[in-house]
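The values are calculated or read from the model by the stated rules, or taken from the named source; none is laboratory data. Only a predicted model underlies this, so the values are computations on that prediction, with no experimental measurement involved. Cβ atoms come from the backbone with ideal geometry, glycine included; neighbour counts cover every protein chain shown.
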Amino acid sequence: MLRLVLPKGSLEKSTLELFEAADLRVERSSVVDYKASINDPRINDVRILRPQEIPGYVAEGLFDLGIAGRDWVEETSSDVVILGELK
């Protein structure tokens, strides 16, 4: 089961739209709630957190996959695999 962490703030809207376009709608009880869900049996846990925290959490193994800016990966010197870039 996949543990996923998505960014709050300036990347949030475009990230949620990207998941919606992939038929993976992210649902949460309110726009300020950090806990979310995706109705897909492959995804166990979804959190929406500050992008500067995401690379570290993925590097520590708290999440399997995260979306964050390359700048935060470099600035935090997180040991993660970059799978690609989103436009």
Checklist entry - Of all residues in the stretch 70-84, how many are of a type outside the set (Ser, Thr, Tyr) and touching a helix residue (DSSP H, G or I) at 6+ places or on another chain (Cβ under 7 Å)? => result 5
Checklist entry - What do you reckon, is SER78 free of Cβ contacts under 8 Å to residues at least 40 places away in the same chain and surrounded by 11 or more Cβ atoms within 10 Å (Cβ to Cβ)? => result yes
Checklist entry - Considering the stretch 35-71 alone, what residues qualify as being touching a residue at least 24 places away in the same chain (Cβ under 8 Å), in a loop (DSSP other than H, G, I, E, B) and surrounded by 11 or more Cβ atoms within 10 Å (Cβ to Cβ)? => result ARG50, PRO51, GLN52, LEU62, PHE63, ASP64, ILE67, ALA68, GLY69
Checklist entry - Looking only at residues in the stretch 24-34 that are among the β-branched types (Val, Ile, Thr) and assigned to a loop (DSSP other than H, G, I, E, B), which one is farthest from SER14 (Cα to Cα)? => result VAL32
Checklist entry - Any idea which of LEU11, LEU2 is in contact with a Leu (Cβ under 9 Å, 6 or more places away or on another chain), modelled with pLDDT under 95 and surrounded by 11 or more Cβ atoms within 10 Å (Cβ to Cβ)? => result LEU11
Item to check | Residue that is nearest to the chain's Cα centre (by Cα), among those in the stretch 11-23 that are free of Cβ contacts under 8 Å to residues at least 12 places away in the same chain and in a helix (DSSP H, G or I) | outcome: LEU16
Item to check | Test result for GLY84, at pLDDT below 90, surrounded by fewer than 15 Cβ atoms within 10 Å (Cβ to Cβ) and part of a loop (DSSP other than H, G, I, E, B) | outcome: yes
Next on the checklist: Being charged (D, E, K, R) and closer than 21 Å to VAL80 by Cα is the filter here; which residues of the stretch 5-19 pass it?
Outcome noted: LYS8, GLU12
Checklist entry - Within the stretch 25-33, is even one residue at negative phi, touching a helix residue (DSSP H, G or I) at 6+ places or on another chain (Cβ under 8 Å), modelled with pLDDT of 95 or more and not β-branched (Val, Ile, Thr)? => result yes
